[in-house]
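**Student:** Sharing a structure with you now.
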Amino acid sequence: MKFYKDRKVVKLTRTSTVAASLDILLKGQLAYLNQYYEVVAVSGPDSHLQAVTEREKVRTISIAMNRNISLLKDFHSLIKLFLLFKRENPQIVHSITPKAGLLSMMAGKMAGVPVRMHTFTGLIFPSKSGSMQKLLIMMDKLLCACATHIYPEGNGVKDDLIKYKITSKPLKVLANGNVNGIDLDYFNPDKFSENQLGDLKNRLKIDCKDFVFIFVGRLVKDKGINELVAAFSKVEIPNIKLLLVGPLEEDLDPLLPEVLMEIHKNEKIIQVGFQQDVRPYFAVAHALVFPSYREGFPNVVMQAGAMHLPSIVTDINGCNEIIVNEQNGLVIPVKDDNAILESMNRLVKDAQLYSYMKQNSRKMIADRYEQSVVWKAVLEEYQNVLK
């Protein structure tokens, strides 16, 4: 049963383009906030939205929002959001993904929603060029013009918003960054017995002598998979495996044909597809490799750290805030397969460095990104803006 700790019930609408963002990125947070406000979650319709309804115990409403630019579809979504906000009359609308952010902030302003908040979980335009970059910058400027409060997920995102002059409004990073923090009880390697891990290793054909690198995320170009596979194919150290956990998306951002071929033919590359629970796969691995081109504040890197894994990450927003070079991982240049190869070789060969970073990994996540700290910061921000 709901209970509201404020005498006056305030309606809070959280929006995202696709329901997976609400389901995965904000897991647990909506239920927490629903103790204080009447939370309504809005996103595109799919099974993730039903999962949010059942787990978070909040009301959900489906409005389709296209991730790509489509003027006609975007206009229809804008009108539906406007009508929704007029009908629901929320005091706060808070969006977390690019298209939902633009449409929600515009519709919220049109509908007279008093508090319109957007969290930039990542920026697309810094990695683009030419007319596409100009268009994306214009869209983010419009988003910010319609919002009343703007929150970069991390300091790297904040710096880019300032650098590209997206807005002159105040920019505030909540807590130490990240939209949801990390559940340290859930992401804990002690949750898995030796027998469980042994069974999984047997199924994956991982030998006890193997050093296992893991990647978790979408298997697309922008995540650096082309460079990762190219680097791994050159590793000459025996007893080494690469575990790929995540869906292969061949439509939006496909991998090179030769990379797909290498993934399928290389017996040391283990591809398991999307997994609802990634923890067992972290638990059988030794280090995360996350060579992404761009991020906001990647949950995967925090999750790996909580599971006692050091990480090899690229020098991009979020990654270079979570990972301190040679403390809890290695920070390398973007799009550099030689740097990936050198870092993998270094972790396998330098046992002292690996052990040192592994010992630091969970503590450095716990000290900065424990989930309750982030949730409390979000709640306090709502209370402050409502004043």
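The values are calculated or read from the model by the stated rules, or taken from the named source; none is laboratory data. Computed from a predicted structure; not experimentally measured. Positions of Cβ are generated from backbone atoms using ideal geometry, with glycine treated the same way; all protein chains shown enter the neighbour counts. SASA here: full protein model, heavy atoms, side chains in, ligands and nucleic acids out. Shrake-Rupley method; radii C 1.70, N 1.55, O 1.52, S 1.80 Å.
**Student:** Among the candidates SER21, SER47, which residue alone is crowded, with 18+ Cβ neighbours inside 10 Å and more than 22 Å from ASN384 (Cβ to Cβ)?
**Tutor:** SER21
**Student:** Quick one: how many residues across region 64-79 are modelled with pLDDT of 95 or more and within 22 Å of the chain's Cα centre (by Cα)?
**Tutor:** The total comes to 2.
**Student:** To continue, here is another question. Pairs under 6 Å by beta carbon, first residue within 21 Å of SER131 (Cα to Cα) and free of Cβ contacts under 8 Å to residues at least 60 places away in the same chain in region 66-86, partner β-branched (Val, Ile, Thr) and open to solvent by less than 100 Å² (accessible area, probe 1.4 Å), six or more apart or different chains?
**Tutor:** ARG67/THR17
**Student:** Out of everything in region 65-79 that is assigned to a helix (DSSP H, G or I), open to solvent by less than 90 Å² (accessible area, probe 1.4 Å) and hydrophobic (A, V, I, L, M, F, W, C), what residue ends up being nearest to MET106 (Cα to Cα)?
**Tutor:** LEU78
**Student:** Of the residues in region 193-231, how many are assigned to a loop (DSSP other than H, G, I, E, B), over 17 Å from LEU288 (Cβ atoms), touching a helix residue (DSSP H, G or I) at 6+ places or on another chain (Cβ under 9 Å) and not acidic (Asp, Glu)?
**Tutor:** Residues meeting the conditions: 1.
**Student:** If you don't mind, there's one more thing I want to ask. Restrict the check to region 48-57 and report whether at least one residue is β-branched (Val, Ile, Thr), modelled with pLDDT of 95 or more and not in a helix (DSSP H, G or I).
**Tutor:** no
**Student:** Separate question: Which one is farthest from VAL301 (Cα to Cα), of the residues in region 351-368 that are of a type in the set (Ser, Thr, Tyr) and crowded, with 17+ Cβ neighbours inside 10 Å?
**Tutor:** Here the answer is TYR354.
**Student:** Let me ask you something else. Within region 80-99, can you find the residues that are open to solvent by 60 Å² or more (accessible area, probe 1.4 Å), part of a helix (DSSP H, G or I) and more than 16 Å from LEU22 (Cα to Cα)?
**Tutor:** Of everything in region 80-99, those that are open to solvent by 60 Å² or more (accessible area, probe 1.4 Å), part of a helix (DSSP H, G or I) and more than 16 Å from LEU22 (Cα to Cα) turn out to be LYS80, LEU83, LYS86, ARG87.
**Student:** Among residues belonging to region 100-157 that are of a type in the set (Lys, Arg) and not in a loop (DSSP other than H, G, I, E, B), point out the one that is least open to solvent (accessible area, probe 1.4 Å).
**Tutor:** My answer is ARG116.
**Student:** Please go through region 159-174 and pick out each residue that is over 20 Å from VAL373 (Cα atoms) and either open to solvent by 20 Å² or more (accessible area, probe 1.4 Å) or not in a loop (DSSP other than H, G, I, E, B) (or both).
**Tutor:** ASP159, ASP160, LEU161, ILE162, LYS163, TYR164, LYS165, THR167, SER168, LYS169, PRO170
**Student:** Do the conditions hold for VAL378, that is, is it more than 15 Å from VAL235 (Cβ to Cβ), surrounded by 16 or more Cβ atoms within 10 Å (Cβ to Cβ), among the hydrophobic types (A, V, I, L, M, F, W, C) and in contact (Cβ under 8 Å) with a residue 12 or more places away in the chain?
**Tutor:** yes
**Student:** Say we look at region 282-341 and pick out the residues that are of a type in the set (Phe, Trp, Tyr) and modelled with pLDDT under 95; which of these is farthest from ASP190 (Cα to Cα)?
**Tutor:** TYR293
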